[in-house]
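Engineer: For reference, the structure I am asking about is given below.
The values are calculated or read from the model by the stated rules, or taken from the named source; none is laboratory data. Here the structure is a predicted model, which is why all the values come from computation and not from measurement. For neighbour counting, all protein chains shown are included, and Cβ atoms are generated from backbone atoms with ideal geometry for every residue, glycine included.
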Amino acid sequence: MKTQVAIIGAGPSGLLLGQLLARSGIANVVIEQRSADYVLGRIRAGVLEQTTVDLLEQAGVAARLHAEGLPHDGVELCFGGQRHRIDLLGLTGKRVVVYGQTEVTRDLMDARQAAGLPTVYEADEVTVHGFDSATPHVGWLKDGVRHTLQADFIAGCDGFHGVCRASVPPGAITLHEKVYPFGWLGVLADVPPVSHELIYVHHERGFALCSQRSKVRSRYYVQCALDEQVAQWSDDAFWAELKRRLPDDTAAQLVTGPSIEKSIAPLRSFVAEPLRFGTLFLVGDAGHIVPPTGAKGLNLAASDVGYLWQGLRGHYAGHPAELDHYASRALARIWKAERFSWWMTSLMHQFPDAGSFGHKMQRAELDYLVGSTAAMTALAENYVGLPMV
Ligand code: APR
Ligand code: PHB
């Protein structure tokens with residue numbers, strides 16, 4: 001089997017890249033180790049920047065997003081028992097759209113299937129070879145049969161635990177990492193959101209976030225210790241802890257109900273450099289991770305895809321130098337989003353070793369932030385997404 005671009009991973013990065021390439025007449029095959037249902041079962045953030053919406057439009061998969069996505073003109077920060085609104089639209093002229101990553105992935109899967117583009121799910125023992133040459137290939141096992149796919153390029157869209165980054169010789173890659181000393185316990189529930197906008201809460205018991213998927217489905221998080229187990233958290237215990245971290249009038253308005261998903265996620269900042277190794281490119285979570293504060297993960301994955309799409313279109317149009325810009329363009333945007341996600345995480349969470357000085361610094365920064373149009377604008381322009389240059 002032969003194609004132009006072999007895409008490893010059918011998460012949002014792989015599926016969006018596949019769709020954009022196909023629309024530009026560039027053949028691609030997606031190889032995914034899990035089933036489609038498993039991929040759709042993963043619950044992730046759902047705040048889309050305008051640049052992400054633009055790329056989904058260009059991929060031809062934005063109809064349901066426009067019909068069902070919730071445009072948000074602002075976001076709230078809560079501390080000291082008070083809620084403060086950041087007017088995203090007023091400060092930047094831009095808004096974000098709340099639409100779950102699961103729905104983005106479903107729309108991309110449906111479009112890929114409708115276009116009849118080749119996709120292999122449940123591929124075992126996926127391996128990538130020869131990417132130091134112009135003839136890389138991918139191997140996998142499916143139903144006991146071994147397959148090989150030759151390609152011009154391999155796009156490593158296989159997430160943080162994927163095979164692509166792990167296949168790069170250690171001496172050729174530099175890894176930058178920060179692991180945070182806490183996690184997020186998240187609950188998804190079919191209850192109306194407590195507020196029409198997201199609320200990021202700084203509280204002495206720990207961070208909390210009130211988010212949503214729709215007008216009837218909410219997503220809430222509380223900061224938890226890394227050694228906690230989901231099984232230790234009953235729904236009642238979760239709702240009680242969330243309420244303790246909200247102002248009394250907000251807690252009184254919170255509608256609770258049975259959880260339909262509950263999980264604990266660790267928080268990590270991570271960047272691999274460079275993102276290109278010969279004919280292999282790392283894209284999305286395969287190349288970098290941000291902590292979820294600020295909701296940059298999916299948006300960064302989308303901008304990587306945008307840059308790689310641009311590079312590959314250039315290559316096949318006779319301008320091979322376009323591809324040389326992929327890593328530097330993507331990394332310039334990635335590092336800025338890493339900084340924002342790290343800053344917002346540092347500002348909003350309780351750190352075990354902060355001490356009284358650390359607490360006072362956090363509080364002073366929050367007070368300064370909500371009293372300064374300049375500081376709120378800096379937050380807002382990062383939250384709605386920096387331009388893709
Ligand atoms: N072979 C084939 N597929 C693999 C392999 C492998 N060895 N390893 C992992 N995969 C698949 C995973 O099963 C998954 O479906 O690659 C896909 C990677 O998807 P994601 O982890 O969702 O990563 P990405 O598409 O880059 O999306 C980034 O996900 O984690 C969030 O915040 C992040 O929203 C961002 C988005
Ligand atoms: C979510 O809805 O899951 C979500 C929203 C915003 C974040 C993180 C997660 O910053």
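Engineer: Checking Asp285 against (1) over 20 Å from Ala10 (Cα atoms); (2) in contact with a Phe, Trp or Tyr (Cβ under 7 Å, 6 or more places away or on another chain); (3) within 12 Å of ligand 1 (Cβ to nearest atom); (4) not β-branched (Val, Ile, Thr), which test does it fail?
Structural biologist: (1)
Engineer: Looking at (1) farther than 20 Å from Gly74 by Cα; (2) within 16 Å of ligand 1 (Cβ to nearest atom); (3) crowded, with 20+ Cβ neighbours inside 10 Å, can you tell me which one Gln223 breaks?
Structural biologist: Gln223 satisfies all of (1) farther than 20 Å from Gly74 by Cα; (2) within 16 Å of ligand 1 (Cβ to nearest atom); (3) crowded, with 20+ Cβ neighbours inside 10 Å except (2).
Engineer: Can you tell me which residue within region 15-60, out of those that are in contact with a strand residue (DSSP E or B) (Cβ under 7 Å, 6 or more places away or on another chain) and under 28 Å from Asp73 (Cα atoms), is farthest from ligand 1 (Cβ to nearest atom)?
Structural biologist: Result: Val53.
Residue-by-condition table, conditions (1) more than 16 Å from ligand 1 (Cβ to nearest atom); (2) basic (Lys, Arg); (3) in contact with a strand residue (DSSP E or B) (Cβ under 7 Å, 6 or more places away or on another chain):
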site: Arg213; (1), (2), (3): no, yes, yes
site: Phe238; (1), (2), (3): yes, no, yes
site: Ser263; (1), (2), (3): no, no, yes
site: Ser269; (1), (2), (3): no, no, yes
site: Ala272; (1), (2), (3): no, no, yes
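Engineer: Another one. Might you let me know whether region 281-298 holds any residue that is modelled with pLDDT of 95 or more, farther than 14 Å from Ala155 by Cα, within 16 Å of ligand 2 (Cβ to nearest atom) and surrounded by fewer than 20 Cβ atoms within 10 Å (Cβ to Cβ)?
Structural biologist: No: zero hits.
Engineer: Any residue in region 278-301 that is at negative phi sitting within a Cβ distance under 8 Å of a residue that is away from ligand 2 (no atom under 16 Å from the Cβ) and among the acidic types (Asp, Glu)? List the pairs, counting only those 6 or more apart or interchain.
Structural biologist: Close Cβ pairs satisfying both conditions: Thr279/Asp132; Thr279/Asp152; Val283/Asp304; Ala286/Asp158; Gly287/Asp304.
Engineer: For region 333-389, how many residues are surrounded by fewer than 13 Cβ atoms within 10 Å (Cβ to Cβ) and in a helix (DSSP H, G or I)?
Structural biologist: So the answer is 9.
Engineer: Still on this structure, I have one more. Is it the case, given these coordinates, that Gly81 is away from ligand 2 (no atom under 16 Å from the Cβ), farther than 19 Å from His196 by Cβ and touching a Pro at 6+ places or on another chain (Cβ under 8 Å)?
Structural biologist: Judged against the criteria, Gly81 is a match.
Engineer: Then there is this: Looking for something on the phi > 0 side of the Ramachandran plot, in contact (Cβ under 8 Å) with a residue 12 or more places away in the chain, within 16 Å of ligand 1 (Cβ to nearest atom) and in contact with a helix residue (DSSP H, G or I) (Cβ under 8 Å, 6 or more places away or on another chain) - is there at least one such residue anywhere in region 173-191?
Structural biologist: For region 173-191, residues on the phi > 0 side of the Ramachandran plot, in contact (Cβ under 8 Å) with a residue 12 or more places away in the chain, within 16 Å of ligand 1 (Cβ to nearest atom) and in contact with a helix residue (DSSP H, G or I) (Cβ under 8 Å, 6 or more places away or on another chain): absent.
Engineer: Take region 227-269 and flag every residue that is part of a loop (DSSP other than H, G, I, E, B) and of a type in the set (Phe, Trp, Tyr).
Structural biologist: Scanning region 227-269 gives a single hit, Trp233.
Engineer: Something else: Please report, ordered by residue number, the strands (runs of 3 or more DSSP E) entirely within region 1-111 with at least 1 residues that are under 30 Å from Lys360 (Cα atoms) and at pLDDT 95 or above.
Structural biologist: Correct list: 75-79, 82-86.
Engineer: Pairs, please: C-beta under 8 Å, at least 6 apart or cross-chain, first residue over 17 Å from Gly162 (Cα atoms) and in region 117-134, second of a type in the set (Asp, Glu)?
Structural biologist: Pairs that qualify, where the first residue is over 17 Å from Gly162 (Cα atoms) and the partner is of a type in the set (Asp, Glu), are Thr119/Glu32; Ala134/Asp152.
Engineer: Let me ask you something else. Residue by residue through region 317-344, note down the ones that are of a type in the set (Gly, Ala, Ser) and farther than 16 Å from Gly297 by Cβ.
Structural biologist: Residues satisfying the conditions are Ala317, Gly318, Ala321, Ala327, Ser328, Ala332.
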